[in-house]
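In what follows, a structure is listed as structure tokens, so that the remarks can point back to it.
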Amino acid sequence: MTDVIFFDLDGTLVDHRSAVMETIGRVVRDAPGATAPGEELVALRWALEARHMREYLAGECSFAEHHRRRVRSFLPALGEPVPGTPELLDAWAAERHLGPFAGSWQCYPDVLPCLDALRRLPRGPRPAVLTNGDPGQQCAKGARFGLLEHFEAVLTPTELGTAKPAAYAAACRLMGTDPTRAVNVGEMLESDVHAADRAGIWLDRYSGPRPHRPPRAADR
């Protein structure tokens, strides 16, 4: 019997990729002095997100500092000067990236019907969000689309002390269940699917290529 069902957030409940692409497009359009073609800037932006997010999840920097590192690395490619203080870097990130990014969030249309169906089950599993994102930003996404009322908890590395995939076991302990009685639904094979003890459900929403697309693994 499944006791808890964990859902990843970005790429599973909320369309992270489309929001990022829309934001990158706006940033590139506003940078006439860019030193590279648009498609190269998009690839660079994805690469910087992956690199500095890994640093944040490894505990090497704060969430705010990981954004600063991305801005420092990205601005030269835009042909723009790099601000010399953390405050100015934060201001650039808020105005040019985080604000437009938040305005571009969209919830996938199948999410609320799925959560409503789970709620109607007579002895259904307890739903929770298990995400590697920042708790403030992730809760803001959940509140925007009325998702929070469907979940017992929104669990991030801040609460669990570790990031996925290791966070799966920690999340089970916090929810008071055994990993063999939980299911994990997410878009990443390694951190969402392979981490689950009993069942990991790969929700592959993208039919085309994407920078961090996991390889298909029929044997899994």
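The values are calculated or read from the model by the stated rules, or taken from the named source; none is laboratory data. Please read all numbers here as calculations on a predicted model, not as lab measurements. All Cβ positions, even for glycine, are placed from backbone atoms using ideal geometry, and neighbour counts span all protein chains on display. To get the accessible areas, we keep the full protein, side chains included, count just its heavy atoms, and leave off ligands, DNA and RNA. Shrake-Rupley method; radii C 1.70, N 1.55, O 1.52, S 1.80 Å.
Before moving on, here are some points about what is shown:
- Residue among W92, G38, C61 farthest towards the positive dipole end of the chain, charges placed on Cβ: G38
- Here the Debye sum runs over all C-alpha atoms of segment 72-111 as equal scatterers in vacuum, and log10 of I(q)/I(0) at q = 0.16, 0.22, 0.25 Å⁻¹ comes out as -0.51, -0.74, -0.86.
- In the chain, helical runs assigned H by DSSP with n ≥ 4 each contribute -39500 (n - 2.57); averaged across all residues and rounded to the nearest 500, the mean residue ellipticity at 222 nm is -12500 deg cm²/dmol.
- Accessible surface area normalised per residue over segment 1-98 is 46 Å², counting heavy atoms of protein chains with a 1.4 Å rolling probe.
- Most to least accessible of D10, D30 (protein chains only, probe 1.4 Å): D30, D10
- Counted residue by residue at 0.36 nm each, then reduced by the alpha carbon distance between them, the extension gain from A91 to R51 reaches 12.2 nm.
- The relative contact order of segment 111-158 comes to 47 percent, based on Cα pairs under 8 Å that sit 6 or more residues apart.
- In a DSSP loop and with at most 13 other Cβ atoms within 10 Å, the trypsin sites (Lys or Arg not before Pro) in segment 105-179 are R123.
- Solvent-accessible area, 1.4 Å probe, carbon plus sulfur percent, for the chain: 55 percent
- FRET E, pair R72, E40, Förster distance 22 Å, beta-carbon r, rounded to 0.05: 0.75
- Sites D204 and F145 - FRET efficiency at Förster radius 22 Å, r taken between beta-carbons, to 0.05: 0.55
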